[in-house]
Structures are given as C-alpha cells and as structure tokens.
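The values are calculated or read from the model by the stated rules, or taken from the named source; none is laboratory data. Note that the structure is predicted; figures quoted are calculated from it, not measured. In this analysis, Cβ positions are derived from the backbone assuming ideal geometry, glycine residues included, and neighbour counts consider all displayed protein chains.
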Amino acid sequence: MKYIALVTVSTLLLSSCATLKPVSITGPSGKQGFSMDCVSGTPACFSKAGELCPNGYDIIDHSITSSIVVNHYGAYPMNVTRESLTIECK
C-alpha cells in the first residue's frame with residue numbers, strides 16, 4: 001500500500017516538472033503580458049518571464065496557494081503548493 005502511494009505521489013511530482021506554458025494576455029495598461037503556473041519553481045518562472053519580456057516586465061500578480069490533498073483511501077495526506085505569476089512586458 002505504501003509503495004502504491006509512493007509511486008502515485010512520485011508520478012504526480014514528476015509530471016508537475018513539465019516545462020512552463022505561459023498564456024498570452026493583455027495587461028492592465030494594454031501591453032502584452034503573460035500568465036503562467038510556476039510548476040518548475042520560482043526561479044524558472046522568473047527566468048521565463050525574462051525570456052518573454054527582454055526589455056523587462058512588471059509583476060501584475062504572484063500568488064502561492066497551499067492545500068492538503070488526501071487520496072481516496074484517506075491515508076497519506078500531502079501538502080500541495082501551487083504558484084502562479086502574471087506579468088506585463090515593458
């Protein structure tokens with residue numbers, strides 16, 4: 001049972017290491033912006049923001065939410081943290 005839970009958690013964590021997939025948006029001042037889930041971590045997210053906006057960017061929103069997920073067996077709850085970043089290019 002522990003092995004199945006470990007494999008499931010490992011699979012979820014590895015799948016969350018996917019590349020960043022920014023979504024193009026129009027920022028508050030009408031300039032191009034991007035919104036992205038920071039599944040690869042904060043440094044990767046800010047690095048991607050620099051690539052997308054070579055002349056710099058303003059942070060519109062940076063949020064971190066945390067929740068506890070319990071599998072359907074009710075055992076081995078895990079804390080899942082989700083981070084997102086929304087920027088507007090300068």
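Identify, please: which residue in region 62-76 is out of contact with any Pro (no Cβ under 6 Å at 6 or more places or on another chain) and surrounded by 10 or more Cβ atoms within 10 Å (Cβ to Cβ) and is, among those, farthest from residue 37 (Cα to Cα)? Once the filter is applied, the top-ranked residue is 75. Screening region 76-90 for residues that are under 15 Å from residue 63 (Cα atoms) and of a type in the set (A, V, I, L, M, F, W, C) and picking the one that is modelled with the lowest pLDDT gives 80.
Could we say that residue 4 is surrounded by 10 or more Cβ atoms within 10 Å (Cβ to Cβ), in contact with an Asp or Glu (Cβ under 6 Å, 6 or more places away or on another chain) and modelled with pLDDT under 90 here? It is false that residue 4 is surrounded by 10 or more Cβ atoms within 10 Å (Cβ to Cβ), in contact with an Asp or Glu (Cβ under 6 Å, 6 or more places away or on another chain) and modelled with pLDDT under 90.
So that you can scan it fast, the table gives a plain yes or no per residue for (1) touching a residue at least 60 places away in the same chain (Cβ under 8 Å); (2) of a type outside the set (A, V, I, L, M, F, W, C); (3) touching a strand residue (DSSP E or B) at 6+ places or on another chain (Cβ under 6 Å):
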{"residue": "30", "(1), (2), (3)": "no, yes, no"}
{"residue": "44", "(1), (2), (3)": "no, no, no"}
{"residue": "51", "(1), (2), (3)": "no, yes, no"}
{"residue": "66", "(1), (2), (3)": "no, yes, yes"}
{"residue": "80", "(1), (2), (3)": "no, no, yes"}
